[in-house]
Amino acid sequence: MKTYIVGNWKLNFTVGEASIYLHKLMKALPNYRDTEVVVAPSTIALQPLSLQVDRHKIKLAVQNAFYRDFGAYTGEISFSQLDGMVDYALVGHSEQRYIFGEDDKMIAKKVAAAVRNHIKPILCIGETESERAFNETADVIRDQLIGGLSEIADDDLDEVLIAYEPVWAISSTKVAKLATPDEVTDVVKLIKKTLSDTYGKKEAEKVPILFGGSVSPSNAGAYLTVPGVNGLLIGGSSLILSEFVDIIEIAKKVQS
Ligand code: PEP
């Protein structure tokens, strides 16, 4: 399986800054066949960047979109409008869940809308600090995983990626703590078991699992060697070009 290195730029960079970053990133990267490098800029930058990007080197992702294809939904954009412009979509990111009130029902519709429009959803799941403290991690992970996948046909499971992002480890969280590789191992095991129990072992094995939460060049290698982890979702560190390139190079080394 490929290794996925996904940069989530969140609400950062003007369109011009995003374009300069992309230009520099393309220059810095050789064509890595086994590493899928993906960046998720602000939606406003996607159209120009889609004309600029060399898709052999880098793929684009949207950070969020609405689940209806068209209609009276002021302020929204649809996955159908993004069809052909992006290859991936973040769905259910914790900032959407906890700042904008997205629930598993809406997330499931977004996962289905992405798949319907030929975009691979990266379904983000993860427990909060208090859920972990109350030993609810396993229940939360199972609910978010099965809930988020509930609107797609079993056959479409191989279109989906899962990102495990403990909310307490995300750098924008007030008291972000680093997840230990052992903590990540346990949850990745649980994700694999849940997928396997629900869809069968063979199908479950096809689903890439990414880790995200304060990933930087100093810990990327440790997370990438956690059994079952196929890639990283990176926020803060992806905004610094040299750090993002370092992480991609670490991924390459871990693979070989
Ligand atoms: C994220 O928001 O998806 C994320 C992982 O952020 P950071 O790397 O900054 O913790």
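The values are calculated or read from the model by the stated rules, or taken from the named source; none is laboratory data. All figures in this text were calculated on a predicted structure; none of them were measured in a lab. Positions of Cβ are backbone-derived with ideal geometry, glycine not excepted, and every protein chain shown enters the neighbour counts. For accessibility, only protein heavy atoms count, side chains too; no ligands or nucleic acids. Shrake-Rupley method; radii C 1.70, N 1.55, O 1.52, S 1.80 Å.
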Q | Hits in the range 17-32 (condition: closer than 28 Å to Met1 by Cα and either open to solvent by 40 Å² or more (accessible area, probe 1.4 Å) or out of contact with any Leu (no Cβ under 7 Å at 6 or more places or on another chain) (or both)) | A | His23, Lys24, Met26, Lys27, Ala28, Leu29, Pro30, Asn31, Tyr32
Q | Failed item in (1) free of Cβ contacts under 8 Å to residues at least 60 places away in the same chain; (2) within 25 Å of Thr185 (Cα to Cα); (3) buried (at least 21 other Cβ atoms within 10 Å of the Cβ), with Ser94 passing the rest | A | (1)
Q | Residue within the range 33-49 that is under 18 Å from Ile209 (Cα atoms) and open to solvent by 10 Å² or more (accessible area, probe 1.4 Å) present | A | yes
Q.
Quick check on the range 157-178: of everything there that is more than 18 Å from Arg97 (Cβ to Cβ) and more than 10 Å from the ligand (Cβ to nearest atom), which residue is modelled with the lowest pLDDT?
A. Val175
Q. Which residues, counting only those in the range 222-244, are open to solvent by 20 Å² or more (accessible area, probe 1.4 Å) and either modelled with pLDDT under 95 or in a helix (DSSP H, G or I) (or both)?
A. Ala222, Gly236, Leu239, Leu241, Ser242, Glu243
Q | Subset of the range 78-91 [more than 19 Å from the chain's Cα centre (by Cα) and either on the phi > 0 side of the Ramachandran plot or in contact (Cβ under 8 Å) with a residue 24 or more places away in the chain (or both)] | A | Ser80
**Q.** Among residues of the range 183-215, those that are part of a loop (DSSP other than H, G, I, E, B), surrounded by fewer than 17 Cβ atoms within 10 Å (Cβ to Cβ) and of a type in the set (Gly, Ala, Ser), counted
**A.** 1
Q. Any residue in the range 149-163 that is more than 23 Å from Ala40 (Cα to Cα), touching a Ser or Thr at 6+ places or on another chain (Cβ under 7 Å) and open to solvent by 60 Å² or more (accessible area, probe 1.4 Å)?
A. no
